[in-house]
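This report concerns only the one structure given below.
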Amino acid sequence: MPRSARALWQIDDCEVLISRRKRMKYLRISVHPPEGEVRVSAPWHASNREIESFIRERMSWVADQQRWCQSLPKPQKPEFVSGETVKLWGRDLPLVLEEGNRRRAQTQLLEESLVLQAPMESTVEQREKYLDRFFRKVLEEKALPLLDFWQAELGVHMQAWGIKKMRTRWGSCNASDARIWLNLELVHHPEECLRYVCLHELAHLIEANHSRRFWDIVERHMPNWKSAAAILKKH
Ligand SMILES: [Zn+2]
């Protein structure tokens, strides 16, 4: 395995996020709520074998910690009201719900908070829909120049693109009709992730499968793609 700053390993049925750091002296392992995510920080020069045996020796401790995480009360489902936070491009923003016009809900980014103006009697589902409408617009504005950029870089041409909510994928590409879909959820993660997904899907117009040649193209155009992919893989 090549040495990279961040990587996601699978050890038995446990996913471990590995980050190598230049100034780190010792291996460190931690387990994080709410999902019981396992993270290992390692010195830059630690070998993969060394890291793996360090983790394996601590598997029962990890399992204990994960059980403890699972016993914590689960975060409540969002109701899209003031006091909650929403994620935009990887940052947590406080949500402010204001009484708004009956016919036209509005969402705006104001001084580091997201202000949703919605009718007092709006339901959770309606407020979610209003916010999605806003996220869709924001994603579209950010994705359009990126798609243009990568098309020019790769020398490819897509016919159409769109945004939708997808459960299992961050993007998709139908190479035969050159159509690309982006997952609306990308708006919650750092911009690097969107940049990577746009590149990934457009690269499929050159190489339909995840072949060696495909990853070479991705790597050549975005050498740090793995850190973006690792963030997305966690979700
Ligand atoms: Zn792909």
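Bear in mind these aren't lab numbers, they're just calculated from the coordinates by the rules spelled out. Bear in mind the structure is a predicted one, so any value in this text is a computation, not a measurement. Don't worry about glycine lacking a Cβ; one is built from the backbone with ideal geometry, like all the others, and counts go over all protein chains shown.
Note on region 1-111: antiparallel DSSP beta bridges, both residues inside, total approximately 70 percent of the bridges counted. Sorted on the mean count of surrounding Cβ atoms within 10 Å across their residues, most packed first, peptides 39-45, 228-234 read 228-234, 39-45.
Where both residues lie in region 137-233, what percent of DSSP beta bridges are antiparallel, nearest 5? Of all bridge pairs located within region 137-233, approximately 45 percent are antiparallel. Sorted from greatest to least, the principal axis extents spanned by the alpha carbons of region 137-233 come out as 31, 29, 24 Å.
DSSP bridge analysis restricted to the chain gives an antiparallel fraction near 60%, rounded to the nearest 5.
Eigen-decomposition of the gyration tensor built on the alpha-carbon atoms of the chain gives equivalent ellipsoid semi-axes of 34, 28, 14 angstrom, largest listed first.
What number do you get for region 6-71 when its Cα radius of gyration is normalised by 2.2 N^0.38 Å, N = residues? That ratio works out to 1.07.
Sequentially through region 115-120, phi angles give Karplus couplings (6.51, -1.76, 1.60; θ = phi - 60°) of 9, 9, 9, 9, x, 3 Hz, Gly and Pro residues having no value and appearing as x. For MET166, the amide hydrogen comes within under 5 Å of the amide hydrogens of LEU184, GLU185, counting only partners 5 or more places away or on other chains and with H modelled in the peptide plane. If you model region 45-110 as an ellipsoid using its alpha carbon gyration tensor, with each semi-axis the square root of five times an eigenvalue, the axes come out at 44, 18, 7 Å, biggest first. Measuring r between the beta carbons of SER82 and ARG169 and using R0 = 30 Å, the FRET efficiency lands at 0.35. For the pair ALA63 and GLN159, a Förster radius of 30 Å applied to the C-beta separation gives a FRET efficiency near 0.05, rounded to the nearest 0.05. In order along region 195-211, the Karplus-derived 3J(HN,Hα) couplings, from 6.51 cos²θ - 1.76 cosθ + 1.60 at θ = phi - 60°, round to 4, 5, 5, 4, 4, 4, 5, 5, 5, 5, 6, 8, 9, 5, 9, 7, 7 Hz, and Gly and Pro are given as x. Inter-label distance, LYS233 to SER47: 2.2 nm, where each label sits 7 Å from its Cα along the C-beta direction.
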